[in-house]
Every structure is written in C-alpha cells, then in structure tokens.
Amino acid sequence: MHITELRKRGRGLRLRVATALISLCLLCLGACGTETASNQIADDAWSSDASTQRSAPSLSASIQSFLEESMGDAQRTALERALDHDGKVSRTDYMAAWSNYRQCMVDKGYNEPPLHMVNGLVVELMHFDFSGMSDQQQMKFHQDQSACLEQESLYVASAYSDSIVNPELYVDLDVAMVDCLRRHELVPVEYTVAQYRKEGKQFTDMTFDGENLTQQQSYERRRKAYSFDFSDPQVRPCVAGVNASAIADELEPWKPFG
C-alpha cells in the first residue's frame with residue numbers, strides 16, 4: 001500500500017460524526033452585522049463547491065485518534081510528547097521517525113530508501129526501480145514498506161505535515177491545498193477550489209505529441225497549468241505536504257535491491 005493511501009486511511013480513522021454547524025451573525029450597532037455577514041459569504045466563496053469537513057477538531061484531537069492505532073514505541077512516544085505542545089510534533093521527532101523507517105527497511109534486507117526533502121518536508125512519494133524483481137518480491141516489498149511506515153513514521157509524519165500545511169485538518173486535500181496557498185497569500189483572494197481542480201486536470205492531462213521533449217522539459221511545461229509558481233519557496237511545502245504527486249517528476253528513483 002502506498003503511503004498516500006495509508007495517510008488517507010489514517011484520516012478516515014479519525015473522522016467523527018459530522019455535526020451541522022450554524023453560523024451566527026452577531027448584530028452590533030449600525031450596519032456592522034450586515035457587513036460581517038457579507039464578508040463571511042465572500043470569504044467562504046473559495047470553497048463553495050467543496051467539502052470543508054475536518055477530520056478532527058484540533059491537532060491534539062487528531063493525535064489522540066492516531067494513538068488508538070498500532071505503532072512502534074518510538075512513534076507513540078513522539079506523538080505523546082506532541083500532546084504537551086498543542087499537538088505539534090517537533091522537527092527532531094519528525095526526522096527521527098523517518099530515520100527509523102529507513103532503518104526498518106534496511107533491517108528487512110532492502111537498500112536504504114532515499115528521502116526527498118522539499119523545504120523541510122519529506123515527500124512521501126517515490127519512484128521505484130523493480131528491475132530484476134519478481135512479482136512475488138514486489139508484493140513482499142510493498143507489504144514490508146507498509147509495515148515499516150505504519151510502525152515507524154506514518155502518524156508522526158502526518159501530524160507534522162498537518163501542523164504546517166493543513167492545520168485546519170481538512171479531509172478534502174484540494175481544500176487543504178487551496179487553504180495553504182491562501183493563508184500564505186500565494187494566490188489571489190478569488191482563487192477557488194474549483195479553479196485549482198481545473199488546473200490540476202490540465203496538469204495531469206497535458207500531452208506533447210510530436211514534440212521531442214525530455215522528461216524535465218515536459219514537467220516544466222506541465223507545471224505552468226497552475227496559476228501559482230512551483231518554484232516559490234512558500235508554495236513548495238504546500239505542494240509537498242498536500243499533493244506530492246505534482247512533483248513526482250523531481251523524485252529520485254529507488255531500487256530496493258541491487
């Protein structure tokens with residue numbers, strides 16, 4: 001199981017029964033009540049066509065739900081330590097978790113997996129080189145990788161990334177991405193989830209038939225489908241933490257054996 005699917009499953013485990021939220025507009029003297037309501041409607045327009053459901057009411061509550069899962073002692077201790085800091089995993093514990101994951105894979109007989117860093121975040125996506133590996137070996141590899149991730153780094157990595165790029169804990173990752181871009185003023189205020197999804201489809205579907213482009217040239221062209229700058233140092237963590245597949249062409253291939 002790929003780590004992206006593992007993280008989605010982790011989010012699903014902490015979903016709570018959704019409750020209807022009633023937005024109250026408190027009336028004040030003059031016309032301030034009307035202005036507040038108007039501003040709220042305008043502010044919500046960016047996500048009007050998407051779900052803003054949250055997986056937990058807070059980072060600490062999210063970690064509490066993670067602690068209900070099976071994991072290694074080191075990862076559990078790191079999460080418990082984060083509860084003393086408003087649900088924020090330390091940088092030291094984050095990197096230690098990834099180090100433990102790598103050692104876990106080495107202990108199972110694989111080459112040390114590379115960790116692709118993007119502005120302080122580990123990109124949880126890899127290109128695999130399975131040349132010379134049988135189908136049975138590949139299946140065992142995926143089982144071993146899933147086990148190491150869940151045991152050593154999955155929940156710590158998710159909690160750390162959420163605190164940086166998705167502090168509102170939006171379940172819909174498109175909403176999380178646009179929220180991250182908006183919070184850092186990397187897109188215009190009128191930029192919406194619908195626009196982001198449209199640009200994402202263009203990025204994915206773009207082809208260059210008849211053009212003799214290298215993979216890097218193709219990637220550079222495809223990135224222009226988005227209206228934000230992929231090279232911006234503030235954009236990079238949003239992409240790495242929410243939609244790592246968009247930077248897959250940058251990743252170092254990993255050959256588990258040989």
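The values are calculated or read from the model by the stated rules, or taken from the named source; none is laboratory data. These numbers come from a predicted model, not from an experiment. Don't worry about glycine lacking a Cβ; one is built from the backbone with ideal geometry, like all the others, and counts go over all protein chains shown. For accessibility, only protein heavy atoms count, side chains too; no ligands or nucleic acids. Shrake-Rupley method; radii C 1.70, N 1.55, O 1.52, S 1.80 Å.
Numbers for the structure displayed
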read-out	value
Odd one out for Arg221 among (1) more than 23 Å from Glu124 (Cβ to Cβ); (2) in contact (Cβ under 8 Å) with a residue 40 or more places away in the chain	(2)
Any hit, segment 243-250, residues being open to solvent by 70 Å² or more (accessible area, probe 1.4 Å) and more than 19 Å from Val123 (Cα to Cα)	no
Among (1) within 20 Å of Cys238 (Cα to Cα); (2) loosely packed, with under 15 Cβ neighbours inside 10 Å; (3) acidic (Asp, Glu) - the single one Glu124 does not satisfy	(2)
Test for Asp144: is it among the acidic types (Asp, Glu), under 30 Å from Asp44 (Cα atoms) and part of a helix (DSSP H, G or I)	no
The listed residue being part of a helix (DSSP H, G or I) and either in contact with a strand residue (DSSP E or B) (Cβ under 6 Å, 6 or more places away or on another chain) or over 30 Å from Ser62 (Cβ atoms) (or both), out of Ser227, Ser218, Ser231	Ser218
Some residue of segment 110-118 being hydroxyl-bearing (Ser, Thr, Tyr) and within 20 Å of Ala56 (Cβ to Cβ)	no
Considering residues of segment 147-176 that are outside any loop (DSSP other than H, G, I, E, B) and of a type in the set (Asp, Glu) only, the residue nearest to Asn243 (Cα to Cα)	Asp174
Any hit, segment 148-158, residues being open to solvent by 70 Å² or more (accessible area, probe 1.4 Å) and under 30 Å from Val106 (Cα atoms)	yes
Some residue of segment 131-143 being open to solvent by less than 70 Å² (accessible area, probe 1.4 Å), touching a Pro at 6+ places or on another chain (Cβ under 9 Å) and touching a residue at least 24 places away in the same chain (Cβ under 8 Å)	yes
Conditions (1) under 21 Å from His127 (Cα atoms); (2) in a loop (DSSP other than H, G, I, E, B); (3) open to solvent by less than 80 Å² (accessible area, probe 1.4 Å); number of the one not met by Thr207	(3)
